[in-house]
Amino acid sequence: MLAGVGACGAVAYIFYRSMKVFLVILPLSLLCPVYQKKVLAKRRKETLGIQFKDGITLLASSLSAGYSVENALGASVKELKLVYGPESMMAGEFSYMAHQVSVNRTVESLFAEFADRSGLEDVRQFAETFAVAKRSGGELASIMEHTASVMAGKMRVREEILNMTAEKRFEQRLMNLLPFLIILYIDLTSPGFFAVMYGTAAGRAVMTGCLAAYIGALFAAEWILKIEV
């Protein structure tokens, strides 16, 4: 919220030099927590995807060693707690599944519920494939290993894309700040240089156009660097 208020203050000062404009756009600061929530949710999904890949890899190993699916869940919980800690998301999910299995819930229904909660497409596809294989007596270990391999491949591609675009992302952040820094620099070195832009109707119209172009550039840069795998 404070970051949103600061952004509104910066926009009101740089583009309008008006307290009234600041008060008018101040409610937009409420959008900052909403945006940050989406960013944190995306990071949480990425972390959950990594842990899920490792979880089904452990399940596949236990199944290959002769465990039943139900017993493999319990064994995988211990391994996940060692790797990610007892408070990790996947350790908690597998612990819940192991408990539900002990009260006669089916593993396929539990994976389907987890897919709905997680919102991950890979988990949904795995849950559907697992349910079909379980009913038809398919080789569950090989299915899990294949799913883990596909997810690992996607993650490697995603990491490569992030590494390739890291420089451009850094440049984007600098370019986002550049208009503000330029105006502040000119204000400090040449006081009153922009006075006409804040004291006349034509000047305010031009600054409004500049603000619209700046916001459009922000969205365009975000869209260009958003690469889905």
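Observations
- Take the conditions (1) under 30 Å from Cys8 (Cβ atoms); (2) surrounded by 11 or more Cβ atoms within 10 Å (Cβ to Cβ); Trp223 misses just one of them, which is (2).
- Some residue of region 126-134 being closer than 30 Å to Gly92 by Cβ, among the polar types (S, T, N, Q) and surrounded by 13 or more Cβ atoms within 10 Å (Cβ to Cβ): yes
- Residues considered: Leu59, Leu23, Leu2. Of these, the only one that is of a type outside the set (Phe, Trp, Tyr), farther than 30 Å from Met197 by Cβ and out of contact with any Lys or Arg (no Cβ under 7 Å at 6 or more places or on another chain) is Leu59.
- Every pair of residues 6+ apart whose Cβ atoms lie under 8 Å, when the first sits in region 82-104 and is over 16 Å from Glu46 (Cα atoms) while the second is of a type in the set (S, T, N, Q) and in a helix (DSSP H, G or I): Phe94/Ser76
- Note on region 192-217: residues that are out of contact with any helix residue (DSSP H, G or I) (no Cβ under 9 Å at 6 or more places or on another chain) and either modelled with pLDDT under 85 or surrounded by 12 or more Cβ atoms within 10 Å (Cβ to Cβ) (or both) amount to 2.
- Condition broken by Gly66, with the remaining ones in (1) surrounded by fewer than 16 Cβ atoms within 10 Å (Cβ to Cβ); (2) out of contact with any helix residue (DSSP H, G or I) (no Cβ under 7 Å at 6 or more places or on another chain); (3) part of a helix (DSSP H, G or I); (4) of a type in the set (Gly, Ala, Ser) satisfied: (3)
- Looking across Ala152, Ala201, one residue alone is touching a residue at least 24 places away in the same chain (Cβ under 8 Å) and of a type in the set (A, V, I, L, M). It is Ala152.
Each row is one residue, and each column tells you yes or no for (1) of a type in the set (Phe, Trp, Tyr); (2) within 26 Å of the chain's Cα centre (by Cα); (3) under 30 Å from Ser64 (Cα atoms); (4) assigned to a loop (DSSP other than H, G, I, E, B).
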| position | (1), (2), (3), (4) |
| --- | --- |
| Phe130 | yes, no, yes, no |
| Met144 | no, yes, yes, no |
| Arg173 | no, yes, no, no |
| Asn176 | no, yes, no, no |
| Phe180 | yes, no, no, no |
| Tyr198 | yes, no, no, no |
| Ala202 | no, no, no, no |
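The values are calculated or read from the model by the stated rules, or taken from the named source; none is laboratory data. The model shown is predicted, which means the values in this text are computed figures rather than measured ones. A quick note on method: Cβ atoms are made from the backbone with ideal geometry, for glycine too, and the neighbour counts reach across all protein chains shown.
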